[in-house]
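**Student:** Pasting a structure here, questions to come.
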Amino acid sequence: MSILVVGSVAFDTLKTPFGERTKILGGAATYFSLSASFFTKVRVVGVVGDDFTAEHEAVLTGRGIDTRGIERAAGKTFHWGGEYGDNLNEAKTNFTDLNVFENFAPKIPEAYSDTKILFLANIQPELQLDVRRKMPNVALVGGDTMNLWINIKRPELLETLKEVDILLINDTESKMLSGERSLVLAARSILTMGPKALVIKHGEYGATIFFADGTHPFRAPALPIAEVYDPTGAGDSFAGGFMGYIASQPELTPAVLKHAMFYGGVMGSFAVERFGPERLISLTRDEIEERFHLFRSLTHLD
Ligand code: AMP
């Protein structure tokens with residue numbers, strides 16, 4: 001089953017303790033699509049400016065990603081500047097230049113109208129909601145957001161959340177969104193806002209899925225990795241592995257969800273090994289399976 005993702009397609013200017021990069025390919029939808037493309041067909045809705053070259057687009061099409069929904073507008077591509085200190089789990093935003101995303105009115109290509117799974121990757125919540133409303137026949141909606149939108153677009157975000165089935169955010173975001181200090185209370189509060197399931201990502205410590213119907217939560221580990229060069233995109237790559245795996249399965253069962261949590265962790269762990277999306281571009285499905293088994297052996301008793 002194919003997935004449609006809407007979200008930022010961007011240039012990132014990054015600084016980590018291991019180096020710096022200027023205007024490299026990034027964006028939530030970019031990381032999500034590259035990651036999900038190892039599991040299923042991916043369609044992207046977004047906008048780029050005239051500084052986005054054929055080579056940038058080829059990174060996506062090279063993985064079989066359908067980019068017909070990426071509009072080219074006059075102006076500059078979204079540009080995010082961020083850095084990480086010793087705590088690689090927390091990005092500090094230096095600037096967010098929305099550029100062509102400022103006046104973006106999403107159009108869904110006719111060819112995308114049969115999509116059953118939608119992912120609202122990080123971007124202004126009103127754009128997420130607009131795309132959600134233009135896709136009334138989807139069967140499953142995943143979503144993400146970030147501290148900026150929780151702070152400056154809270155009412156719009158709360159409207160969007162009513163239409164999201166599975167929300168994936170990190171510890172800090174879940175506490176900000178709910179106003180709670182405990183993760184369990186934060187999850188309980190967010191699960192009254194619309195989502196039926198909530199995945200809270202704990203960075204290098206794994207991720208937990210909570211359910212609105214009272215089903216017991218499930219936690220997947222993260223692989224302790226020696227080489228974390230650039231955490232950018234880890235969350236989106238997690239979401240891509242998680243949603244991509246779900247889309248590749250005939251039915252959404254509890255076992256599929258648990259496996260999806262592991263595949264999410266696997267994809268996040270690859271993303272951080274190189275700067276930008278480099279590692280996702282060079283990855284193979286065999287490497288993914290190999291690491292999936294490593295993840296299992298981390299927590300499974302014989
Ligand atoms: P993460 O997976 O959370 O590390 O997301 C990293 C990506 O989010 C980067 O490639 C950025 O281009 C993108 N990003 C940063 N800020 C925003 C924002 N306000 N809206 C949409 N995307 C963003």
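A short reminder: the numbers here are calculations on the coordinates, not readings from a lab. Everything numeric in this text was worked out from a predicted model, so none of it was measured. Because the Cβ atoms are built from the backbone with ideal geometry, glycine has one as well, and the counts that use them run over all protein chains shown.
**Student:** How much of the pair distance distribution for region 1-95 lies past 17 Å, counting alpha-carbon pairs only, in percent?
**Tutor:** In whole percent, the share of Cα-Cα pairs in region 1-95 beyond 17 Å is 51.
**Student:** A further question follows. Given points 7 Å out from each Cα along the Cα-Cβ axis, report the Arg154 to Asn137 separation in nanometres with one decimal.
**Tutor:** Going by the 7 Å Cα→Cβ label model, 3.9 nm.
**Student:** Right, something else. Within a 10 angstrom radius of the beta carbon, how do His202, His300 rank from fewest other beta carbons to most?
**Tutor:** If I rank by nearby Cβ atoms, fewest first, I get His300, His202.
**Student:** So for Ser35, Ser269, Ser189, fewest C-beta neighbours within 10 Å to most, what's the order?
**Tutor:** Ordered from fewest to most neighbouring Cβ atoms within 10 Å, Ser35, Ser269, Ser189 come out as Ser189, Ser269, Ser35.
**Student:** Right, another one. With only Lys, Arg, Asp and Glu charged, each at its Cβ (+1 for the first two, -1 for the last two), find how big the charge dipole of the chain is about the Cα centre; round to the nearest 20 debye.
**Tutor:** 580 debye
**Student:** Among His79, His56, rank each residue by its count of other Cβ atoms within 10 Å, from fewest to most, as a rough exposure measure.
**Tutor:** Final ranking by Cβ density, sparse to dense: His56, His79.
**Student:** Along the Cα→Cβ direction, 7 angstrom out, place labels at Leu185 and Lys258. What is the inter-label distance in nm?
**Tutor:** 3.0 nm
**Student:** Right, here's the next one. I need the calculated FRET efficiency for the pair Ala105 and His56, taking r as the beta carbon distance and R₀ as 25 Å, to the nearest 0.05.
**Tutor:** FRET efficiency, Ala105 to His56: 0.65.
**Student:** I've got another one for you. Counting only other residues whose beta carbon sits under 13 Å from that of Tyr245, what net charge do I get with K and R as +1, D and E as -1?
**Tutor:** Local net charge: 0.
**Student:** Specify whether the C-alpha gyration tensor of region 94-172 places it in the rounded, prolate or oblate class, a ≥ b ≥ c being the square roots of the eigenvalues: rounded for a/c under 1.5, otherwise prolate if a/b is larger than b/c and oblate if not.
**Tutor:** Oblate shape, in that a/c is at least 1.5 and b/c is the bigger or equal ratio.
**Student:** I'd like the per residue volume of the convex hull spanned by the Cα atoms of the chain, given in cubic angstrom.
**Tutor:** Cα-based convex hull of the chain, divided per residue, equals 126 Å³.
**Student:** Also, quick follow-up: Please tell me the relative contact order of the chain in percent, rounded to the nearest whole number, where contacts are Cα pairs under 8 Å and at least six residues apart.
**Tutor:** Computed over the chain, the figure is 18 percent.
**Student:** How large is the helix-only mean residue ellipticity at 222 nm for the chain, computed as the sum of -39500 (n - 2.57) over DSSP H runs with n ≥ 4, divided by its residue count, in deg cm²/dmol to the nearest 500?
**Tutor:** -10500 deg cm²/dmol
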